[in-house]
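These notes concern the structure reproduced below.
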Amino acid sequence: MENLKLLNNSGSLSETDLQLISGTELLMRMMRNRRLIIVPNGDEVNWSALMEDMSGLYHIRRVEGDKLFQIWFEVKEDITQFEKNLYMMKLGKSS
């Protein structure tokens, strides 16, 4: 039990979750919203910091192994929040 690690997965939907909500308005809303592609450039992605202050659900899908991640959002405003969080992380690394 000492090797047990607890991760926060508050608003993230898995591939299984997407199958369960197939055909619902929630999935249709996520598909209609703009999606973002993240290129980690070999760095570990701090998803918790990037997803801070999200109000809706989201899905992170690996594209091309670990090279690209596509992110779907339920709420359009969360896309803007994500971009702000990413910008703040980049500012923090540059100082």
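None of the figures in this text is laboratory data; all of them are computed from the coordinates on show. Source: prediction; values computed, not measured. All Cβ positions, even for glycine, are placed from backbone atoms using ideal geometry, and neighbour counts span all protein chains on display.
Please work out which one of (1) out of contact with any Ser or Thr (no Cβ under 9 Å at 6 or more places or on another chain); (2) crowded, with 17+ Cβ neighbours inside 10 Å is the condition LYS76 fails and give its number.
(2)
Just a yes or no: is a residue in region 82-89 assigned to a strand (DSSP E or B) and surrounded by 10 or more Cβ atoms within 10 Å (Cβ to Cβ)?
Looking through region 82-89, none of the residues is assigned to a strand (DSSP E or B) and surrounded by 10 or more Cβ atoms within 10 Å (Cβ to Cβ).
Which count do you get for residues in region 55-82 that are under 23 Å from ASN41 (Cβ atoms) and in contact (Cβ under 8 Å) with a residue 40 or more places away in the chain?
Number satisfying all stated conditions: 8.
Among the residues of region 37-72 satisfying the criterion of being more than 22 Å from LEU27 (Cα to Cα) and of a type in the set (A, V, I, L, M, F, W, C), which is surrounded by the most Cβ atoms within 10 Å (Cβ to Cβ)?
Among residues in region 37-72 that are more than 22 Å from LEU27 (Cα to Cα) and of a type in the set (A, V, I, L, M, F, W, C), the one surrounded by the most Cβ atoms within 10 Å (Cβ to Cβ) is VAL45.
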